[in-house]
Structures are given as structure tokens and as C-alpha cells.
Ligand code: PAF
């Protein structure tokens with residue numbers, strides 16, 4: 001497995017691989033790899049000839065008071081895990097290589113980025129789309145693999161790919177979960193033991209809403225009540241939002257007649273950990 005920090009070097013290597021007619025799969029990550037990332041790598045391995053994983057804690061997608069400095073960076077362990085999964089190239093640039101001091105260009109998707117996570121984290125998605133477009137231009141992948149856990153990120157990136165005619169296929173892998181349902185996330189490591197014991201209520205709420213929908217409930221307010229009732233059993237986290245939205249516009253739905261995204265974010269009191277989760281009704285992202 002090649003570990004490369006220089007964008008020009010990766011671009012040169014990937015250009016050659018494309019000339020050799022290799023199908024390139026990109027798995028963009030911020031490192032601190034867990035089962036969720038490994039599932040993305042596995043998907044890229046299954047569908048492409050060459051798997052490239054980027055590891056870059058992207059400063060532009062963190063707000064001023066967010067966890068950029070405490071974000072875990074177990075680089076050697078990550079490389080070991082990537083190697084075990086058969087990853088071919090790890091691209092791990094330093095921030096100065098991605099954002100030199102004269103960097104001036106950003107890519108922003110409108111509307112979809114001002115709701116849900118975007119409302120809580122202004123500027124976050126511009127950071128995401130800017131870095132992902134840079135990664136696409138450096139690696140030139142045929143396919144890029146993302147997790148459903150970051151559902152809004154997926155929809156924003158899909159919009160960017162469509163709007164800018166990017167020649168890349170986005171491949172979305174279902175959310176990987178702990179046995180008790182908690183969505184696997186690098187941020188779970190911040191949780192205190194008592195918070196960790198309580199946060200499975202988040203997925204339990206989503207499941208309760210899905211069960212109600214399966215039984216025929218189509219009113220969003222009823223399904224949202226199901227989730228909030230579950231959350232009422234929690235004393236160690238509070239919801240930031242619980243929303244049911246259209247998967248194209250991300251606008252709230254009053255009734256569910258087509259594909260709908262139930263998205264939620266919660267924040268724990270003690271470790272101040274933000275956790276997001278979602279479920280899609282009647283289809284997929
Ligand atoms: O999902 C993530 O880990 C990040 O948002 C991504 C896509 C790697 C961009 O920094």
C-alpha cells in the first residue's frame with residue numbers, strides 16, 4: 001500500500017492508472033477509522049480495480065467552537081487497518097498542501113446546506129464540498145463511496161456532482177451500527193460511559209417512527225412525536241432537531257407520500273458530543 005502526502009504525486013499516479021484503464025474508487029475520510037469506514041473500503045474494493053482512501057481532517061468543515069483540535073488522529077493505526085482491507089493508496093496530505101496560504105476558492109451548494117446540519121453548523125457544507133471537489137480533481141475517481149449516516153452530506157454532494165457535471169459515480173453504503181443500534185461514528189469515542197449507555201435511544205426513536213410508518217401512519221408530526229417520546233427517557237442528551245424532509249429538497253414534509261428522510265441530531269451534556277442519525281422511508285438516498 002502506498003502512503004502519499006503530496007497531491008501532485010497522487011494526481012500523477014492516478015492519471016497513469018486511468019491511462020492503464022483501471023477503475024479507481026475513492027473513499028474520502030477524516031481518519032479515526034471504524035467499521036463504518038471499513039464497509040466503505042470494502043465496497044470500493046468490490047466495485048473498483050484500485051482503491052484510494054484519503055485521510056484528512058479538513059479544517060474548513062469545522063466551526064470555530066467545534067472539535068477540530070480534539071478530533072482523533074490515530075494515523076498509524078488507520079494505515080494498518082486500510083492495509084488489512086486491501087487499500088492500494090492512502091492519500092494523507094497536511095493542511096498546507098490542501099490549503100496553501102493564498103487559497104481563495106470555495107464551492108457552495110445553495111438551499112440544501114441551510115437546513116438541518118447546515119443550520120446548526122454554518123459553513124460546514126462549503127468546507128465539505130470544497131474538499132471533496134479537490135479530492136475528486138486530485139484522484140479523478142470513477143466512483144466515490146460515502147456512508148448514509150451523513151445523509152445530508154450525501155444529498156449535497158449528489159447535487160454538486162449533478163450541477164457541476166462531475167464524471168464520478170457516488171456509491172452510498174448503509175449506516176453501520178453497534179449491536180445496540182448506535183450509529184458508528186468517530187465521535188462516539190468522546191462519550192462518557194453513562195452517555196454511551198443512553199444514546200442508543202436515538203436509533204430506538206427512529207425505529208419507533210419507522211414502525212409507526214409501517215403500520216400506516218403518514219403524518220410527520222405523529223412520527224416526530226414517536227421519536228421525541230423516546231428522547232424523553234434521556235437525561236444525558238438533548239435533541240437539536242428531529243425532522244422529516246423530502247430527499248430532494250430537504251424541505252419538511254407534512255405527510256409522507258414518497259421517499260422521506262427522518263434526520264436527527266442530539267448533543268450530550270457532559271462530553272458535548274454531537275451525534276447524528278437518520279433513516280429513509282419508502283426508498284433510498
Ligand atoms: O464524511 C467525512 O468524513 C467528511 O465530511 C469528508 C467527506 C471526508 C470530507 O472531509
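Only the coordinates and a few stated rules stand behind these numbers; no lab work does. Bear in mind the structure is a predicted one, so any value in this text is a computation, not a measurement. Cβ placement follows ideal geometry from the backbone for every residue including glycine, while neighbour counts extend to all protein chains displayed.
Calculate, in nm to one decimal, what residue 214 and residue 67 gain on full extension: separation in residues at 0.36 nm each, minus their alpha carbon distance. Here the segment from residue 214 to residue 67 would lengthen by 49.2 nm. Mean residue ellipticity, 222 nm, helices only, the chain: the sum of -39500 (n - 2.57) across DSSP H runs of n ≥ 4, divided by residue count and rounded to 500, is -11000 deg cm²/dmol. Give me the angle, in degrees from 0 to 90, between the Cα long axis of helix 35-47 and the longest principal axis of the Cα atoms of the chain, rounded to the nearest 10. Tilt relative to the chain: about 50 degrees.
Here segment 1-139 is treated as a sphere whose radius is the Kirkwood value from Cα pairs; by Stokes-Einstein at 10 °C and 1.306 mPa s it diffuses with a coefficient of 100 µm²/s.
Annotation: for a label point projected 7 angstrom from Cα along Cα→Cβ of residue 282, residues of segment 239-276 with backbone N closer than 15 Å are 244-263. Mind grabbing the base-10 log of I(q)/I(0) for the chain at q = 0.16, 0.17 Å⁻¹? Debye formula, identical points on the C-alpha positions, no solvent, two decimal places. Taken in order of the listed q values, log10 I(q)/I(0) reads -1.34, -1.48. Taking the Cα atoms only, what angle lies between the long axis of helix 124-139 and the longest principal axis of the chain, rounded to 10 degrees? Taking Cα atoms only, the helix is inclined about 30 degrees. Each of the peptides 261-273, 12-24, 97-109 was scored by the mean count of other Cβ atoms within 10 Å over its residues; in descending order, highest first, they stand as 261-273, 12-24, 97-109. When each of the peptides 183-190, 153-160 is scored by the mean number of other C-beta atoms lying within 10 Å of its residues, the order from highest to lowest reads 153-160, 183-190. Site pair residue 246 and residue 99 shows an inter-label distance of 3.4 nm when each label is modelled 7 Å from Cα along Cα→Cβ. Which shape class, rounded, prolate or oblate, goes with segment 117-180 when its Cα gyration tensor gives a ≥ b ≥ c as root eigenvalues, a/c under 1.5 marks rounded, and past that a/b bigger than b/c marks prolate? Oblate is the answer for segment 117-180, as a/c is 1.5 or above yet b/c matches or exceeds a/b. Remark: spin-label model distance residue 235-residue 6 equals 5.8 nm, labels positioned 7 Å along the Cα→Cβ axis.
When the chain is treated as a GNM with alpha-carbon contacts under 10 Å, the residue of 275, 40, 81 showing the greatest mean-square fluctuation is 81. Could you tell me how far the Cα centroid of segment 1-33 sits from the Cα centroid of segment 99-132, in Å? When both Cα centres are located, 23 Å separates them.
Paramagnetic label reach from residue 18 (point 7 Å along Cα→Cβ; backbone nitrogen cut-off under 15 Å): within segment 129-156, residues 133-144. Residues within the reach of a label modelled at residue 111 (point 7 angstrom out along Cα to beta-carbon, backbone nitrogen below 16 Å), restricted to segment 248-285, are 248-253. Gap in Å between the Cα centre of segment 44-71 and the Cα centre of segment 173-228? Between the Cα centres of segment 173-228 and segment 44-71 lies a distance of 24 Å. The angle separating the long axis of helix 75-84 from the principal Cα axis of greatest extent in the chain is about 80 degrees. Structure remark: mean-square fluctuation, Gaussian network model of the chain, C-alpha springs under 10 Å; the largest value among 248, 233, 58 belongs to 233.
Fully extending the segment from residue 166 to residue 267 would add 32.9 nm, taking 0.36 nm per residue of separation and subtracting the current Cα-Cα distance.
Which residue, 64, 45, 83, has the most motion in a Gaussian network model of the chain that connects Cα atoms within less than 10 Å? Result for the chain, Cα springs under 10 Å: 64 fluctuates most. When the Cα gyration tensor is reduced to axis lengths a ≥ b ≥ c, the ratio a/c is 1.5 or higher for segment 156-285, and with a/b not above b/c it is classed as oblate.
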